[in-house]
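These notes are about the structure you will find just below.
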Amino acid sequence: MAHHFTRTNLEVRSPMEARTTLERIARAAADFNVHALSGSRLIEGRSLAVGLVGEPIASLETMAWVYERTKLGLLGITHAGLADETDPTDSSPLCGLLGIVPLNEAGNQAVLTDHFDAVSPDPNHVCTLEEEPIGIFGWGIAVSRHEAARLLVNLGLFISQHIVPRADWYARAVTDDGARLLMGRMNLGLLEGTKIGTLYMPSYQKAEVLFNQTRGVA
């Protein structure tokens, strides 16, 4: 069954039962059959990312510590997951990747001043499992199937609206296709003042306020 962006309140209840915000993000992702990668799956995921977008991207060691710190990092969906099929042996290959790095206040400020290192983040910039994310840095989206791109974009928008509505989102496009996806489908724009091409999507709450103000003016 295909997933769509619009969800009922009942469908977001399970993620909301998690203890921390980062756990709620992971649960929401799992509802889309998307899971944070570790171990051999992380090796497979990074290899797929390199094949699709090339270097430089975060090292395997960096992805591993981000996962251990946040239980997020590089998230993936398999061919079986995309088809909503069971995979009891966990052998279905990955076909889509979404990178999520939750930022604390220091990390958010580092992004705003062009000092956030996306390839090798400073641990002091990344949330612990107990912290509330101030911002989300998207390591990017890499897919080998078009349907996976649609699902991962919907997941990112769903998390933005339902799980972290007060967190701003950031990314840097590695490829032209990535830029078109981030700016066209997720409506990210160039962060004001950036000299390194950081893209920005205001939090759902900020966007809602702006929309209501604009509608009031109209």
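Relative contact order of the chain, please, whole-number percent, based on alpha carbon pairs below 8 angstrom and at least 6 residues apart. All intermediate terms of the calculation are to be shown ahead of the outcome.
Numbers: 358 pairs, mean separation 42.6, N = 218.
RCO, the chain: 20 percent.
Under a 5 Å amide H cut-off, with hydrogens placed 1.01 Å from N, CYS95 pairs with ILE77, THR78, HIS79 among residues at least 5 apart or on other chains.
What FRET efficiency would be calculated for the residue pair THR113, ARG180, taking the C-beta separation as r and a Förster radius of 35 Å, to the nearest 0.05? Working shown, then result.
On the way: r = 27 Å, r/R0 = 0.77.
Calculated value: 0.85.
Can you tell me how segment 165-218 classifies by the Cα gyration tensor, rounded, prolate or oblate, using a/c under 1.5 as the rounded cut? Since a/c reaches 1.5 and a/b is larger than b/c, the shape of segment 165-218 is classed as prolate.
How much mean residue ellipticity at 222 nm does the chain get from its helices, if each DSSP H run of length 4 or more adds -39500 (n - 2.57) and you divide by all residues, to the nearest 500 deg cm²/dmol?
On the way: 9 runs with 85 residues, N = 218.
Computed mean residue ellipticity for the chain: -11000 deg cm²/dmol.
With +1 on each Lys and Arg Cβ and -1 on each Asp and Glu Cβ, how big is the dipole of the chain about its Cα centre, in debye rounded to the nearest 20?
520 debye
Dimensions of segment 78-218 from C-alpha coordinates, computed as largest minus smallest value along each principal axis and given longest first, are 50, 41, 33 Å. Once backbone amide H atoms are built at 1.01 Å from N, GLY135 has LEU103 as its partners under 5 Å, excluding neighbours fewer than 5 places away on the same chain.
Accessible area per residue, 1.4 Å probe, Å², for segment 40-180: what's the number? Numbers along the way, then the final one.
Values: 5940 Å² over 141 residues.
Dividing the accessible area of segment 40-180 by its residue count gives 42 Å².
In nm, to one decimal, how far is the ALA207 label point from the HIS79 one, both placed 7 Å along Cα→Cβ? My value for the distance between the label points is 3.3 nm.
With a 1.4 Å probe rolled over the protein heavy atoms of all chains, the accessible area of TRP169, TRP139, TRP65 falls in the order TRP65, TRP139, TRP169, largest first. Pull up the DSSP beta bridges for segment 124-218 and report the antiparallel fraction as a percent, rounded to 5. Counting only bridges with both partners in segment 124-218, antiparallel ones make up about 55 percent. Considering only HIS35, PRO102, GLY81, the residue lying farthest towards the positive end of the dipole of segment 19-107 is PRO102, judged by Cα position with unit charges set on Cβ. Rounded to the nearest Hz, the phi-derived 3J(HN,Hα) couplings of segment 183-197 under the Karplus curve 6.51 cos²θ - 1.76 cosθ + 1.60 (θ = phi - 60°) are 8, x, 8, 9, 6, 6, x, 5, 5, 4, x, 5, 10, 10, x, where x marks glycine and proline. Residues whose amide H falls under 5 Å from that of PHE116, counting only those 5 or more places apart or on a different chain, are VAL111, with hydrogens built in the peptide plane. As a calculated quantity, the FRET efficiency between THR128 and SER47 at R0 = 41 Å, using C-beta atoms, amounts to about 0.90. Using the Karplus relation 6.51 cos²θ - 1.76 cosθ + 1.60 with θ = phi - 60°, the per-residue 3J(HN,Hα) values for segment 60-68 come to 4, 5, 5, 4, 5, 6, 5, 4, 4 Hz, with x marking Gly and Pro.
Taking the accessible area of segment 83-188, probe 1.4 Å, and keeping the other protein chains in place, the carbon and sulfur fraction comes to 50%. Here the contact order of segment 64-135, divided by its residue count and restricted to Cα pairs under 8 Å and six or more residues apart, works out to 34 percent. Phi angles across segment 116-121 convert, under the Karplus curve 6.51 cos²θ - 1.76 cosθ + 1.60 with θ = phi - 60°, into 3J(HN,Hα) values of 7, 8, 6, 6, 9, x Hz, Gly and Pro given as x.
The values are calculated or read from the model by the stated rules, or taken from the named source; none is laboratory data. Fair warning: this is a prediction, and the values are worked out from it, not measured in the lab. Every residue, glycine as well, gets a Cβ built from its backbone with ideal geometry; the counts of neighbours run over all protein chains shown. All accessible areas refer to the heavy atoms of the entire protein, side chains included, with ligands and DNA or RNA removed. Shrake-Rupley method; radii C 1.70, N 1.55, O 1.52, S 1.80 Å.
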